[in-house]
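The values are calculated or read from the model by the stated rules, or taken from the named source; none is laboratory data. Keep in mind that what you see is a predicted model, and the values were worked out from it rather than measured. All Cβ positions, glycine included, derive from the backbone under ideal geometry; neighbour counts span all protein chains shown.
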Amino acid sequence: MTRRIISLLCAAAVFVGMAGCGAEKSPAPAESAGSMVKEDTGMKGTRLTDENAKLTGRAFPAESGTLWCALSGSGAEFEFTGKNLDIMVEGDGVSQSGPRDNYARIAIYVDGERVVDDLLNEGIKKYTPISGDSVVTKTVKIVKLSETAMSCFGIMPLQLEEGASVKPTAPKAHRIEIIGDSITCGYGVDDEDPTHNFKTSTEDVTKAYSYKTVQALDVDYSLFSISGWGVISGWTGDGTQKPDQQIPLYYEKYGFTYGGFGDTKPQDMDWDFSRFQPELVIINLGTNDDSYCGTNEDRRADYSAGYVEFLKTVRRCNPDARILCVLGIMGDALYPTVEETVAKYSEETGDTNISAFHFEPQKPEDGLAADYHPTEVTHTKAAEALTAEVKSIMGW
């Protein structure tokens, strides 16, 4: 099978909207809070803010006290001291009435061990990741495993026992932002059957090259990724452009979702870039554009022109960051255009704090996940290669 055919079969992030098939993972058990919790939320609680937690990604602290999370990998991390910790989370409308294949998937870690892995199929759920008779100090991390487009979830104010406390974990030495599509989201990584389609239950960003890279580098991170989207077009099966699925449309927002933060959607709110200024921005976009561009030189030129304009936006929002443009995991047909785009951008703007990096395309012997997406084996190899490149260009 030629590389071009593989690229078309594997084109990143088939954006299947509200449908899916295949075996669904059984969610971890959780206590349903029901109406009783809604009454409790009127009590004063400890809202998670920058003052008492490390907010990961573009988490949004709402006036209600709920910390809403939309994008893959977003959430909060804090050091808890006390005997018992209850965490109540709130789902968006999708969690109550939307398709089950789109429920938000979340994880809770205690001292690095995943103790909760669940799909939010109710309005409110309660988890108790720490319980006992003795005071302990533990690091707690709450992570959104699934992507922004399908659904959101919120972390409600913590109802801490007397004497219990939370404080932010220490910041890492460096900061990275990664912009991408389904590959960055970890689409289908828990379903190694390429004939199966999208489900949030099989999407896990912690098994994607993006999360594996930031973990290997031990950096603070922010991810902005949406399955099926590109620079000038989302994935198309018939060559018709999908201009409504362009990452640049929403990069300066909190995200994009068919759910929302109560009555508010993340795409309606501007992101404050001063909250997280990365030292490195990695852009992995083009696999979906390739389904539209193909070998058409005019379309490739449009992709390059659109990419240049997006690079200008990224630079304006992150004035001091190194920019690294990568491509290739699910097909590298457009990678030469990426290299040309980087050169064109530098020539036009005089900005030389940018470079390109080629990913080796996925190999059949490493398996294929849902909709021909990368397996964890492929993601691990990509993360190792990217980690080495980052260390080389950043001197970390």
> In the range 210-239, how many residues are part of a loop (DSSP other than H, G, I, E, B) and either assigned by TED's automatic domain parsing to the domain that holds Ser74 or out of contact with any helix residue (DSSP H, G or I) (no Cβ under 8 Å at 6 or more places or on another chain) (or both)?
Replying inline: 3
> Can you list the strands (runs of 3 or more DSSP E) found entirely within the range 129-179 that contain at least 3 residues being over 23 Å from Phe276 (Cα atoms)?
Replying inline: 136-144
>> Can you find, within the range 58-77, the residue that is surrounded by the most Cβ atoms within 10 Å (Cβ to Cβ) among those that are at pLDDT 95 or above and charged (D, E, K, R)?
In response: Arg58
>> Residues to consider are Thr148, Thr137, Thr195, Thr200; find the one that is under 30 Å from Ser233 (Cβ atoms) and more than 21 Å from the chain's Cα centre (by Cα).
In response: Thr195
>> Here's a check for you: in the range 261-289, which residue that is among the acidic types (Asp, Glu) and surrounded by fewer than 16 Cβ atoms within 10 Å (Cβ to Cβ) is farthest from Glu309 (Cα to Cα)?
In response: Asp263
>> Step by step: first the residues of the range 168-225, then only those that are of a type in the set (Val, Ile, Thr) and closer than 13 Å to His379 by Cα, then the one that is surrounded by the fewest Cβ atoms within 10 Å (Cβ to Cβ). Which residue is that?
In response: Thr206
> For residues in the range 378-392 being among the aliphatic types (A, V, I, L, M) and surrounded by 15 or more Cβ atoms within 10 Å (Cβ to Cβ), which is farthest from Leu217 (Cα to Cα)?
Replying inline: Ala382
